[in-house]
């Protein structure tokens, strides 16, 4: 299995686009800052004990979107350093984890209680590099929350 970085290298080649950095190794200080802010937000928001109301007759995708909106709302109220914002346009990522003008963290939220590593649909994050190329500049960090 290829790494995420190898995938993007191959994707740019397939798209006939000049190679550029679309994924970077996280800095230790940034890892710590994100971990601490999220850990405190989870505690302060009491998200683990919250109830998410689901609209009647919702499809699985709709349920996932409702859970995601619920979680993001609760987390954003309790994050102290970062904020989760929409990343407009089709494709990956759906969100950005931002800190002021620092908008280099591509964020994908996955509303799933069980991660099935053999389910290829769960592993699909992107089929085009266009959104990353247009919305982000290197270094680009990636965060997947489930």
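Quick notes
- Answer residue from segment 115-146, given it is under 26 Å from residue 32 (Cα atoms) and more than 15 Å from the chain's Cα centre (by Cα) and is modelled with the highest pLDDT among those: 139
A quick yes/no check of all residues on (1) at pLDDT 95 or above; (2) more than 30 Å from residue 77 (Cβ to Cβ); (3) exposed (fewer than 11 other Cβ atoms within 10 Å of the Cβ):
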site: 2; (1), (2), (3): no, yes, yes
site: 8; (1), (2), (3): no, yes, no
site: 11; (1), (2), (3): no, yes, no
site: 17; (1), (2), (3): no, yes, no
site: 25; (1), (2), (3): no, yes, yes
site: 28; (1), (2), (3): yes, no, yes
site: 61; (1), (2), (3): no, no, yes
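- Here residue 98 does not fit the description of being in contact with a helix residue (DSSP H, G or I) (Cβ under 8 Å, 6 or more places away or on another chain), surrounded by 13 or more Cβ atoms within 10 Å (Cβ to Cβ), at pLDDT 90 or above and not in a loop (DSSP other than H, G, I, E, B).
- When the residues of segment 65-92 are filtered to those that are modelled with pLDDT of 90 or more, in a loop (DSSP other than H, G, I, E, B) and touching a helix residue (DSSP H, G or I) at 6+ places or on another chain (Cβ under 7 Å), the one that is farthest from residue 7 (Cα to Cα) is 80.
- Residue check, residue 6 farther than 20 Å from residue 145 by Cβ, in a loop (DSSP other than H, G, I, E, B) and out of contact with any strand residue (DSSP E or B) (no Cβ under 9 Å at 6 or more places or on another chain): no
- Count of segment 26-64 residues which are within 20 Å of residue 135 (Cβ to Cβ) and in contact with a helix residue (DSSP H, G or I) (Cβ under 9 Å, 6 or more places away or on another chain): 1
The values are calculated or read from the model by the stated rules, or taken from the named source; none is laboratory data. It should be emphasised that the depicted structure is a prediction, and the values quoted were computed from it without experimental measurement. Neighbour counts run over all protein chains shown; Cβ positions are idealised from the backbone, glycine included.
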